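One structure below.
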2 protein chains.
Amino acid sequence: MNGDSESRAPRRVSRSRMFGGMQYVHEHDAASTQSPMRFALYLPPQAEAGRVPAMMWLSGLTCTEENFTVKAGAQRVASELGIALIVPDTSPRRLEIPGDHDAADFGEGAGFYVDATRSPWSANYRMYSYVSAELPDFVAAHFPVDTASLGIAGHSMGGHGALVVALRNPGRFVSVSAFAPIVSLMQCPWGDKALRGYLGDDRSTWRDYDATALIESAGWRGPPIIIDQGTADPFVRTQLKPELFVAACDAVGVPLEMRRREGYDHSYHFVATFIEEHLRWHARYGSVSR
Amino acid sequence: MNGDSESRAPRRVSRSRMFGGMQYVHEHDAASTQSPMRFALYLPPQAEAGRVPAMMWLSGLTCTEENFTVKAGAQRVASELGIALIVPDTSPRRLEIPGDHDAADFGEGAGFYVDATRSPWSANYRMYSYVSAELPDFVAAHFPVDTASLGIAGHSMGGHGALVVALRNPGRFVSVSAFAPIVSLMQCPWGDKALRGYLGDDRSTWRDYDATALIESAGWRGPPIIIDQGTADPFVRTQLKPELFVAACDAVGVPLEMRRREGYDHSYHFVATFIEEHLRWHARYGSVSR
């Protein structure tokens, strides 16, 4: 891989018309991860007439760019609202780093939206830089999408990612919502393993990737944060712990709308049920209303 | 496997709440196929108060009960309309019949909704009997669903299946629609291979599984047949041939609404875009309006 402009161009993997717009999957050589990265991009029909606003979606453990794209049913509402959907993969792939396939919660499919500092992960596992800066810039450079200000949402590990990316980049990510997010990466087994593996044992470096700690230290001045959490979600007590985020928002006066959804689990059936509300909310209060 | 009532009971594989209803996957020991069969069943919230009407969906080559269930987004509209969705698998599985894994268009995932008469397929590959009678009866016996009269729809091989099942059983399947159906199994390579393999070389036995031939010989007295066909579908000329069905319906005066969808391909993105119209149509004109 070299750095000239041709190698950095998007390579189309697929496209398929839906809801009057076009669902693409592209691959490009990402500088952040020094690897080919795939992302899904839905362009609503309004993109034929000029730049459209966008929402970025960050997916959970084991997912690729495909899960949200085929399971959430978001394109129907995106077409109505005139919003593009930018959906990155959850890690670099095909690197053959020793250990990157050993577990579902570390390595491939489990980038946790951090910039790794520990060898051998630090050269490629830089998903925080990739999703917060490189990918939005790349999309704006090659497609009719306005990424100067964005909405962002995500699910589980991706809900953590959406919260962290927005809280640390409020100038660009101006509205944020999440489904069943990991709200404190430092206070759950998934996060402890990921942070130790990608960043090392010095916990002082972990706070930048902990949504609850970020709320406590810097707050949030954007529109209310929306979280949907199913009551039948098997991970809610051990990994997700929404009560930690509620307490932090209460303590510093950040407006949070926490919706507990009776009987809903952790699946994309749950996401599909409520994604319409999130899209409409981003369109009304967030970036995509400009 | 034996025939007592316990072995014939549904075994729940999964359930997940969505859109206020419940998405189930069940398995049962099917008499038609002498094998365990899985099917997806979506029950809308209205099913908590009594029996609800239903639409059956038949899927295409290589699919299981999962594809439509996770990709089409039909449950949202089904909840609004109070319709159950019955989604069978596309063949028996795990039988280890020699040759059942050799191709994507024959054997597992490719039952073509026929009752095989040729050995070794005739003992198990009896998907016509399974979807047209056994499964509707089984659902009515175990769940709050009225299957005395049903709507039916399907995609590709499943579009063929939906047309054939309805045309041959108009007393039970009272409304029918299809996405990119194979309209004449006798007049395309997929169908020729399947019919030869499952039924043998005597073409006189094939007509019962050819939607175009069935229209010519027996017509259709139900509400108009709806077909959606994408213009960017790579199979339209070689396998699907919608013009044969249009000509047959014209010749015998069967009302057909053939919708050519500009730029749409053969994928579930296409199905997801137009499934809402089909569901509303079945609810308005078909079985599920009673």
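The values are calculated or read from the model by the stated rules, or taken from the named source; none is laboratory data. Predicted model only: the values in this text are computed from it and were never measured. Cβ sites come from the backbone with ideal geometry, for glycine too, and all protein chains shown count toward neighbours. Heavy atoms of the whole protein, side chains included, go into the accessibility calculation; ligands, DNA and RNA do not. Shrake-Rupley method; radii C 1.70, N 1.55, O 1.52, S 1.80 Å.
Taking the Kirkwood radius as the inverse of the mean 1/r across Cα pairs, report the Rg/Rh of region A:244-286. Walk me through the numbers before you get to the answer.
Working: Rg = 12.8 Å, Rh = 12.3 Å.
Rounded to two decimals, Rg over Rh is 1.04.
With all protein chains kept in place, the per residue accessible area of region B:1-74 amounts to 39 square angstrom at a probe of 1.4 angstrom.
State, in square angstrom and to the nearest 100, the accessible area buried between chains A and B, both chains counted, probe radius 1.4 Å. It would help to have the intermediate numbers written out before the result.
Details: alone 11350 and 11330 Å², together 21050 Å².
Buried area between the two chains comes out at roughly 1600 Å².
Ratio of Rg to Rh for region A:41-122: 1.10 [Cα atoms; Kirkwood radius as inverse mean 1/r over pairs]. Calculated [222 nm] ellipticity per residue, helices only, for chain B: -8500 deg cm²/dmol; basis is -39500 (n - 2.57) per DSSP H run with n ≥ 4, divided by all residues, nearest 500. Counting Cβ atoms of other protein chains within 10 Å of each residue's Cβ and taking the mean over peptide B:269-277 gives 4.
Shape of region B:176-240 from its Cα gyration tensor (a ≥ b ≥ c, root eigenvalues): rounded if a/c is under 1.5, otherwise prolate when a/b > b/c, or oblate?
Working: a/c = 2.92, a/b = 1.19, b/c = 2.46.
It comes out oblate by the Cα gyration axes.
Dividing the convex hull volume of the alpha carbon atoms of region B:145-290 by its residue count gives 110 Å³ per residue.
Each other residue within a Cβ distance under 12 Å of A:HIS278 adds +1 if Lys or Arg and -1 if Asp or Glu, for a net charge of -1. The GNM of chain A, with springs linking C-alpha atoms under 10 angstrom apart, assigns the highest mean-square fluctuation among A:ALA153, A:ALA116, A:ALA180 to A:ALA116. Calculated on the Cα set of region A:12-152, radius of gyration then Dmax: 15.1, 47 Å. Per atom type, chain A shows carbon and sulfur on 48% of its accessible surface, probed at 1.4 Å. Interface burial in region B:60-102 reaches 20 Å² or more for B:VAL70, B:LYS71, B:ARG76, comparing the full protein assembly with the chain by itself; accessible area from heavy atoms with a 1.4 Å probe.
As a length-normalised measure over Cα pairs under 8 Å and 6 or more apart, the relative contact order of region A:84-208 settles at 21 percent. Take B:GLY263, move 7 Å from Cα toward the beta carbon, and the resulting point lies 4.0 nm from the same point in each other copy, nearest first.
For B:GLY219, the label point sits 7 Å beyond Cα toward Cβ; its separations from the matching points on the remaining copies run 7.6 nm, from shortest to longest.
Evaluate peptide B:258-267: per residue, the Cβ atoms of other protein chains within 10 Å of its Cβ; return the mean as an integer.
Values: counts 0, 0, 0, 1, 1, 4, 4, 5, 1, 6.
Mean partner shielding for this stretch: 2.
Annotation note: trypsin sites (Lys or Arg not before Pro) in region A:69-139 located in DSSP loop regions with a Cβ neighbour count of at most 11 within 10 Å are A:ARG94.
I need to check one value: relative contact order of chain B, counting alpha carbon pairs closer than 8 Å and at least 6 residues apart, in percent. Show your work: numbers first, answer last.
Values: 657 pairs, mean separation 49.2, N = 290.
The normalised contact order for chain B reaches 17 percent.
Counting other Cβ atoms within 10 Å, which GluC sites (Glu not before Pro) in region B:1-87 have at most 13 and lie in a DSSP loop? Walk me through the numbers on the way to the answer.
On the way: sites: B:GLU6, B:GLU27, B:GLU48, B:GLU65, B:GLU66, B:GLU80; in loops: B:GLU6, B:GLU65.
Listed in order of number, the matching sites are B:GLU6.
Taking Rh as the Kirkwood radius computed over C-alpha pairs, what is the Stokes-Einstein D of the protein assembly as shown at 37 °C in a medium of viscosity 0.692 mPa s, expressed in µm² per second?
Values: Rh = 25.3 Å.
Rounded to a whole number, D works out at 130 µm²/s.
For region A:163-267, the solvent-accessible area with a 1.4 angstrom probe is 40 square angstrom per residue.
For region A:215-252, the residues whose backbone nitrogen is under 17 Å from a point 7 Å from the Cα of A:ARG260, taken along Cα to Cβ, are A:227-250.
Seen from all directions on average, region A:217-265 presents a Cα convex hull projection of 3.6 nm². For a straight C-alpha distance cut-off of 30 angstrom, the lysines reachable from B:LYS193 (same-chain residues fewer than eight places away being disregarded) are B:LYS71, B:LYS241. Label-point spacing at B:ASP137 relative to the other copies reads 6.7 nm, in ascending order, each point sitting 7 Å out from Cα along Cα→Cβ. Summarising the label geometry, the points placed 7 Å from Cα in the beta-carbon direction at A:ARG11 and B:GLU277 lie 3.7 nm from one another. Remark on chain A: hydrodynamic radius 18.7 angstrom, per the Kirkwood mean of 1/r across alpha carbon pairs.
Residues of region B:208-223 falling in the label zone of B:MET186, defined by backbone nitrogen less than 17 Å from a point 7 Å along Cα to beta-carbon, are B:208-220. Measuring from the axis that maps chain A onto chain B, the chain A residue with the nearest beta carbon and its rounded distance in angstrom come out as A:GLY73, 2.
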